[in-house]
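Q: Quick one: structure below, then a few questions.
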Amino acid sequence: MIAVFNAITNIAEDIEKNVFVDCDRFISRGLSDKDMNEKVRSYCSSVIQREFRRVRSINSFIGKQHKNEKIHNKNGKYKISYVAVDNIDLLDVNFSLGSIFGIYENQMDAFHLKAAVYVTYGPTFQLVFASKSEGVIYFAFEDGEFIERDPLTLENEGKINSTGGLASEWSDEHRALLDGFFNKGYRLRFSDSLSLDTHQILFKRGGIYSSPETPSFPNGKLDVLFEAFPISYIIEQAGGRAISNKGRILDMTNVEIDQKTPIYFGSKNEIQIVEDYLNN
């Protein structure tokens, strides 16, 4: 696991330096936003694959964008899912974005998820690592290296209300759920970068993130293996909860590689309110 962690820190430093600090190499006159974004995504994926190929304990790895599993070492025990860079459309507005990693042992399902990591780039360059033995710890990048800071834990209740989906597509029930939180003084904090929205809830020690099913995404928007499993794992190790409209995210079984899900995660009290709403 140490070698995998070190590989991810190498990935983070490369992407931060070459994409978020020195981004001129990706900006070409006449290049469309779509083409530029694909150029950035391709670069990030190549960095991730390069570093993972150097780790003997990694059996294989697979990215959200193309979902073609790359076998590295048949004798390795770790299978890794990754999101090279989440919501790359926000790159040109200087938002923090991130990479997300799920580290599975032998097979890719929730039961075999052994650790999860996300990295936030740009104005906030930090790394968060979670495992059952370590809990959730974050590393700040200072003086050319990642420095371990205090563990992150969630309180039973927070004040952040981070919600995705088009407001015009929210159901009346979901709108009422959100209004209930706002009426209690919750603050809207939503960037549409999953890693950053998770980061805000963790650093503010509580709150709720919701991404409901909508007409545009009737099965939910987040990829289970690449996004929902790793983020849910981190949230649970911090003392929070993560559910879909059908139960606990990490209880999901027989998950297909491209399966998506609605998700609600955050502090225990907020998720209990969501469960009450879903069960009515």
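Q: Need the list of lysines near LYS39 for cross-linking: C-alpha distance under 26 angstrom, and skip anything on the same chain fewer than eight residues off.
A: LYS17, LYS64, LYS67, LYS70, LYS79, LYS221, LYS260
Q: For the pair LYS204 and ARG56, what calculated FRET efficiency results from E = 1/(1 + (r/R0)^6), where r is the Cβ-Cβ distance and R0 = 41 Å, to the nearest 0.05?
A: Numbers: r = 39 Å, r/R0 = 0.95.
In this case the efficiency is close to 0.55.
Q: Something else about it: Evaluate the charge dipole of region 2-151 about its Cα centre and quote only its size in Debye, nearest 20, assuming +1 on the Cβ of each Lys and Arg and -1 on the Cβ of each Asp and Glu. Walk me through the numbers on the way to the answer.
A: Values: 19 positive and 21 negative charges, 182 e Å.
Around 880 debye, computed over region 2-151.
Q: Students often check this: by mean Cβ neighbours within 10 Å, which of 45-53, 271-279 ranks highest, and how do the rest follow? Write down the numbers at each step before the final one.
A: Details: 45-53: 18.0, 271-279: 15.2.
Taking the mean over residues of other Cβ atoms within 10 Å, the ranking is 45-53, 271-279.
Q: Can you give the alpha-carbon Rg of region 2-151 over 2.2 N^0.38 Å, where N counts its residues? List each step's numbers first, then the result.
A: Values: Rg = 15.4 Å, N = 150, 2.2 N^0.38 = 14.8 Å.
Relative to the rule-of-thumb radius for its length, region 2-151 sits at 1.05.
Q: Return one quarter of the surface area of the convex hull spanned by the alpha-carbon atoms of the chain, equal to its mean projected area, in nm².
A: Numbers: hull surface 58.9 nm².
Mean orientational projected area (the chain, Cα hull): 14.7 nm².
Q: Which order do the peptides 163-171, 133-141 take when ranked by the mean count of other beta-carbon atoms within 10 Å per residue, highest first? Write out the running numbers ahead of the final one.
A: Working: 163-171: 14.7, 133-141: 16.2.
The densest-packed peptide leads the list: 133-141, 163-171.
Q: Run the reach check for LYS204 against aspartates and glutamates, Cα to Cα strictly under 17 Å, same-chain hits fewer than 8 apart removed. What comes back?
A: Once the sequence-local aspartates and glutamates are set aside, what remains near LYS204 is ASP150, GLU155, GLU157, GLU236, GLU270.
We did not get these values from a lab; they are worked out from the coordinates using the rules stated. Everything quoted here is computed from the prediction, not taken from an experiment. Cβ sites come from the backbone with ideal geometry, for glycine too, and all protein chains shown count toward neighbours.
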